[in-house]
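As structure tokens, the structure follows; a few thoughts come after it.
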């Protein structure tokens, strides 16, 4: 009877692990923005021959002195100049052939930024905001990553009010509804939408009206950060549309 082979455990046995260190770890950032009532994502053109001229997410290899979160914040800051923005880890992608350069395991994050008020840092390749609904094909497995992060965002905005990271400090209910609809991909009933939002108590009427809009001006509101902080301590109940 052939004895079973004992599998090495790196945490308790002195084993040869050299062949495990022949691959890289990376991060990919799905940076969402909202502009002209459209949900957009920030993309850059790949210059790898395999994916020549195809659009890809912003990402990079994790440096030896970085953890995953630090690498993601670095990518975001280098490309957009932004700091202290909403960033959330979503999923790790590890298909063997996902990168033509070799074995690369990537962890995806999504970020929410105000697309209107910052300058993109053009480092090399083209860097543009693209409507999420228009994207049909991407380099690597980035289409899968984008769809996974979009699904995570759709779930998250109904559990926590992170959606306000995509808006100006002052916004109309019309704009807020357009944003929810753009992310969820559905048409929401106007009256029911507003009723549910007002029930949360998270909106503050700033006693101002929209200006220079092609429709009847609506009231402007802001997000009540203080009330939300108090609600979190008692467990915030999300908004289910």
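Structure data summary
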quantity	calculated
Residues located in region 114-147, provided they are in a loop (DSSP other than H, G, I, E, B) and either at pLDDT 90 or above or at positive phi (or both)	135, 136, 137, 138, 139, 140, 141
Condition met for residue 202 (more than 15 Å from the chain's Cα centre (by Cα) and either crowded, with 16+ Cβ neighbours inside 10 Å or assigned by TED's automatic domain parsing to the domain that holds residue 85 (or both))	yes
Residue in region 159-168 that is part of a loop (DSSP other than H, G, I, E, B), in contact with a strand residue (DSSP E or B) (Cβ under 6 Å, 6 or more places away or on another chain) and over 18 Å from residue 75 (Cβ atoms) present	no
Residues being more than 17 Å from residue 113 (Cβ to Cβ), within 15 Å of the chain's Cα centre (by Cα) and crowded, with 18+ Cβ neighbours inside 10 Å - total across region 125-179	2
Whichever residue in region 83-100 is within 15 Å of the chain's Cα centre (by Cα) and either touching a residue at least 40 places away in the same chain (Cβ under 8 Å) or crowded, with 16+ Cβ neighbours inside 10 Å (or both) and, among such residues, is farthest from residue 148 (Cα to Cα)	85
Checklist (1) surrounded by 15 or more Cβ atoms within 10 Å (Cβ to Cβ); (2) closer than 20 Å to residue 114 by Cα applied to residue 185, failing item	(1)
Selection count, region 54-89, where residues are within 23 Å of residue 131 (Cα to Cα), at pLDDT 95 or above and part of a loop (DSSP other than H, G, I, E, B)	1
Unmet criterion (only one of (1) touching a residue at least 24 places away in the same chain (Cβ under 8 Å); (2) not assigned by TED's automatic domain parsing to the domain that holds residue 54) for residue 145	(2)
Any hit, region 45-53, residues being buried (at least 21 other Cβ atoms within 10 Å of the Cβ), in the same structural domain as residue 144 (by TED's automatic domain parsing) and either at pLDDT 95 or above or assigned to a strand (DSSP E or B) (or both)	no
Residue in region 62-76 that is in contact (Cβ under 8 Å) with a residue 60 or more places away in the chain, in the same structural domain as residue 151 (by TED's automatic domain parsing) and closer than 30 Å to residue 177 by Cβ present	no
Counted residues, region 23-44 - those being more than 14 Å from the chain's Cα centre (by Cα) and in a strand (DSSP E or B)	6
Selection count, region 101-118, where residues are touching a residue at least 60 places away in the same chain (Cβ under 8 Å), in contact with a helix residue (DSSP H, G or I) (Cβ under 8 Å, 6 or more places away or on another chain) and surrounded by fewer than 20 Cβ atoms within 10 Å (Cβ to Cβ)	1
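The values are calculated or read from the model by the stated rules, or taken from the named source; none is laboratory data. The shown structure was predicted, so the numbers you read here are calculated from the model rather than taken from an experiment. Methodologically, a virtual Cβ is constructed for each residue, glycine included, from the backbone with ideal geometry; neighbour enumeration extends over all protein chains shown.
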